[in-house]
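Quick note: the coordinates plus some simple rules give every number you see, no bench work behind them. If you're wondering where the values come from, they're calculated on a predicted model, not measured in any experiment. Glycine also receives a Cβ, built like all others from the backbone with ideal geometry; neighbour counts cover every protein chain displayed.
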Amino acid sequence: MKDIMNMNVKKLAFGAAVVFFTNFAVAQTVQDGINSIDSDKYAQAKTNFTNMIASAPTAENYFYLGNTYLKQGEPDYAAATDSFNKGLAADGKSYLNKLGLATVKLGKGDKGAIAEIQKIVTDSKEKDAEVLFRAAEALTLFEKNNSPDLAIQYLNKAIERAEKKGVPAHYYYTLGDAYRLKRMPGDAMSAYDKALPLAKNKASVYTRIGTLWMAAQQWQQAKTSIDKAIATDPSYAPAYKALAAYDIRYQQNAKATQDLINYTKYADEDPYTQLEIAKLYFTNEDYANSKQVLDKIFDKINDPIKFKLRAYQLYADGKYTEAKQNMDSFVSQADKSRVQPADQGLQGLIAAGLAKTETDAAKKTALTTEAQQKIAIAKAAKDETLKWDMELVKIAGGGASQADIDAGPTNPTIEGLKQKVAANAQDSDSLFKLATAYQDAKNWNGAIATWQKMNALLPDWAPGYYSLGYSYQQAGNNDAAKMAYEKFISTVKPAEQEANKQTLAYAYFAVAYMSKDSDVAKAKDYVAKSVQLDPTYQDAVKLNAEINK
């Protein structure tokens, strides 16, 4: 989840009474805009800064407006650039607007912008804490394009320059963000701790601390901090977004939906904020709400990111042709730097979905090859946007509806366990027992659906994939069974191989047997591994002899 960033407060000018009170009023307005950004109320912030420009078209006010476009969920580089250029037209020496334009370049993936930011700071002679802070903020703003070491250097100088008048809390916020990028959680926490007594709205600090604990996978500490944020300010929208991420992690879908409803309630109607909400609903597997929100804002957003999100929604609905059309629109319109490994992975999954129903042999082969290549890109990048292997299994296996499951065999044990799982989706013990009960009753659709839930809850638990493969095999879906067995094989850790020797032997044999007519080389390799693991396994011994005649 993208960290919440705070903007700085304009310095007050002290002099004649009229000048003082004029600048004081402007500073209050700037602070209102800063507070709006911090609360994910970007429409309100844009209105705030636009009104300021109308009354005082200064370079600094144009910078604040441009920076708002950079800090929203999906940056609007065109609008930001326009505002920064207007700021430079008002004052050609404005270091802030020069930094703004360099930040746009950095956001688009131009690493040369880091040197440009350094030059701007050098030209400023490092006297202005605000310029140092904004340079550091730019260097921490983008997840994939940043320079945390340089940001920390600038922030420490900014803090030193600001000490006489009092260090603003957001200097420490951003210092914490820079340490997070360096994966130094202890230093990040220290920076947030320094911000806490200085912050007027402590909910902002508690939320940052909570997301830091989440990044460290310290979930209980994360929940405690997020709860403190909401208790401190129940209207602070970003805390609910953080809470939604927590509940999504624990597959508390109903709670996550309520979190997102609260986030929507306390954020604002800015289209890009709504786009972020649509993405969060999708992550929560709440595709209906995700589609509803996206449909409402689709025509209000020029950013091609909207096509990507629609492609994910269509893919989730199994509408592969329409999903491909939207991904093609995104890739053709978006800057190349914005096409991520996950996007190529999605293109691969869409190709796999199209291959499933393709009747032309050559086209089917081409789509299958494309699927393998593009999913490999996502996996090589260690991207976890989707569980790539399991998505392939789902495509190969199709999806049994709840009606299909309910139409299969059942018994009092199954019905009782269904109630337990419905009451607590995290109850892995009940999920395991329900999947096993479905298997015992030979309700393979029920077993498949339940093992899939088990694997989503415990993605590193290898036996779940083996059981899924067995269930698919019994249901007669060999393609999905092969994928599940291979996922089992790849998930078994080296230290666990001895304990799983016989199960591994069967998994290798099963894949070999189901591949012998379509991929002889693979079948030979896998059956040899099966025999090596268990030389007494007669089915594997016979198959090994048969395919090596």
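Below, the figures for the structure above:
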| item | result |
| --- | --- |
| Computed helical MRE - 222 nm, the chain, DSSP H runs ≥ 4 contributing -39500 (n - 2.57), nearest 500 | -23000 deg cm²/dmol |
| 10 Å Cβ shell holding at most 12 others, DSSP loop, GluC sites (Glu not before Pro): longest site-free stretch of the chain | 164-383 |
| Contour excess over end-to-end distance, with Cα ends at Gln419 and Gln325 and 0.36 nm allotted per residue | 29.8 nm |
| Folded to 0 to 90 degrees: helix 185-195 orientation relative to the chain principal axis, Cα | 30 |
| Relative contact order [Cα under 8 Å, 6+ residues apart], the stretch 88-140, whole percent | 35 |
| Per-residue HN-Hα couplings for the stretch 119-134 [Karplus 6.51, -1.76, 1.60; θ = phi - 60°; Hz; x = Gly/Pro] | 5, 4, 5, 4, 4, 6, 6, 6, 8, 9, 4, 5, 5, 4, 5, 5 |
| Average Cα contact separation per residue, the chain, under 8 Å, 6 or more apart, as relative contact order % | 7 |
| Between 0 and 90°, nearest 10: helix 169-181 axis offset from the chain longest Cα axis | 30 |
| The stretch 320-412 - charge dipole about Cα centre, Lys and Arg +1 at Cβ, Asp and Glu -1, debye rounded to 20 | 260 |
| Helix axis angle, 463-474 relative to the chain longest principal axis, alpha carbon, degrees | 50 |
| Shape call, the stretch 36-193: gyration tensor on alpha carbons, a/c limit 1.5 | rounded |
| Spacing of the two label points (7 Å from each Cα toward its C-beta) at Asn302 and Glu498, in nm | 6.5 |
| Karplus-derived HN-Hα couplings along the stretch 356-370 (A = 6.51, B = -1.76, C = 1.60, θ = phi - 60°), whole Hz, x at Gly and Pro | 4, 10, 6, 9, 6, 4, 5, 5, 4, 5, 5, 5, 5, 5, 4 |
